[in-house]
1. Under 12 Å from a point placed 7 Å out from the Cα of His106 along the Cα-to-Cβ direction: which residues of the range 165-209 have their backbone N that close?
2. State the answer as a single residue: which of Ala138, Ser120, Leu148 lies farthest towards the positive end of the charge dipole of the range 1-160, with beta carbon charges of +1 for Lys and Arg and -1 for Asp and Glu, about the Cα centre.
3. Quick check for you: with a 1.4 Å probe and neighbouring chains kept, what is the accessible area per residue of the range 220-350, in Å²?
4. Mind checking which of Gln188, Gly212, Ala22 is farthest towards the positive end of the chain's charge dipole, using Cβ charges of +1 (Lys, Arg) and -1 (Asp, Glu) about the Cα centre?
5. Gaussian network model of the chain, Cα springs within a sub-10 Å range: biggest mean-square fluctuation belongs to which of Leu243, Leu123, Leu191?
6. Per the 1.4 Å probe, what fraction of the accessible area of the range 187-326, in percent, lies on carbon and sulfur atoms?
7. For the chain, set up a Gaussian network in which alpha carbons nearer than 10 Å are linked by springs, and say which option among Ile159, Ile274, Ile398 fluctuates the most.
8. If I stretch the segment between Ser337 and Asp74 completely, what's the gain in nm (0.36 nm per residue apart, minus their alpha carbon distance), one decimal?
Amino acid sequence: MGPRTYHDPLHGAIRLDPRHPAEALAIDLIDTAPFQRLRRIRQLGPAFLTFHGAESSRFTHSLGVLHLARQALDGLAAQAPELEEHRGVLLAAALLHDVGHAPLSHSGEEMYGLHHESWSGRLIREHPALRQRLEAYAPGTADAVADLLEHGRYGQPAIKALVSSQLDCDRLDYLLRDSYSTGTRYGQLDLERILAALTLAPDGQLALHPKGLMAVEHYLVVRNLMYRSVYNHRLNVVCNWLLSQVIATARRLGPSQLEADAVMARWLWHPTAIDLETYLANDDLRTGYHLLRWREEAPEPLRGLCARLLDRRLLKATAVTELRPERRLEFLARARSLSGAAGLDPESCCGLQQRESRGYHPYKGGLRLWDGKRLAALEASSALVTSLSQPVQTAWLIHPAEVSPVLREELALADGQ
């Protein structure tokens, strides 16, 4: 087998050489059915309804994470050659970190009520195609990769940090890639400077040289802006809410009132009985197919929910962040009352979505600076990072366009009181 090249729109040519055991392992894992399924999982779920270029896949993203992890390890191994023995685990974990994603990525987790990390771990431990290849590389590799992805456990802390931390290869790639595919310009990172700044603290933990401080500050600001402008965009919030309503409504209708194939039937009505084969059989294509079927055949309100998504007749979202929690609930009740009066089903067209986020978590594996003499927490050296540590709340009232004029007029009066 000769070298393998993937031409990536962000990173250029990603070349894998089978003469190197860890890269041969990566090639073998890429060719498995569970990894190939990621071609059929959209990276940004329903965000293509808001940003029409957001069509990239988890497959593409995972190759990018592999590429960045290899680059990061090359730099660190030059400082600490003992890290080289962990190359296989790192490349496998970087490649397989999303192998357990449900249809529509993070939206699928909300829709179906599951965690992709748990399924990634289970697939790596139990799926023959993945486990056999990992164990053939070195006994114990499958469990080591699964523990790292599912529980964040690994004996070498720097390797763990490259896979899962506040500055891991996953975040670096998805910020660049999602900015590129959505057409936003916030995600322009100084990637070379960030990777060059990676170093090891005396305790073996991953750290940053102070020369990379501004590049990392920029990265954290970019992440904050991407959450505000893309991931938590009001229409993305609406789409995720509608998708969750679709699945919840389908589950309430049950098999006596709703048609679904054998795979979807188990996902809907017997989720605790999903085996590996049934899990992997659901992807964006199968879920999308059922949305199409239900738009034509399902009883209301499921038929209408599917039509809203497929025809992009989305609900409206009005910011209610400034209102007290009890006032938000009052306006949710008001939206439902107005919708009912307009002849609409209030439960399927009115909702309240509330979220809290922060750009940096100093107590969740906080980053540190190390110049060879002094070790310092990142936030202690940057007022900007300290400001990003403050939690930010957002709240959206979801409602149909038919009630917007009255509802927004009443909300404006409430804001002015």
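The values are calculated or read from the model by the stated rules, or taken from the named source; none is laboratory data. The structure presented is a predicted model; accordingly, all values stated were derived computationally and were not measured. Using ideal geometry, Cβ is built from the backbone for each residue, glycine included, and neighbour counts are taken over all protein chains shown. Note: areas computed on protein heavy atoms with side chains; ligands, DNA, RNA excluded. Shrake-Rupley method; radii C 1.70, N 1.55, O 1.52, S 1.80 Å.
1. So the set is 171, 174-175, 178.
2. Going by the Cα projections, it comes out as Ser120.
3. 46
4. Gln188
5. Residue with maximal mean-square fluctuation among Leu243, Leu123, Leu191: Leu191.
6. On the way: 3260 of 6390 Å².
Within the range 187-326, the accessible surface is 51 percent carbon and sulfur.
7. Result for the chain, Cα springs under 10 Å: Ile274 fluctuates most.
8. 88.6 nm
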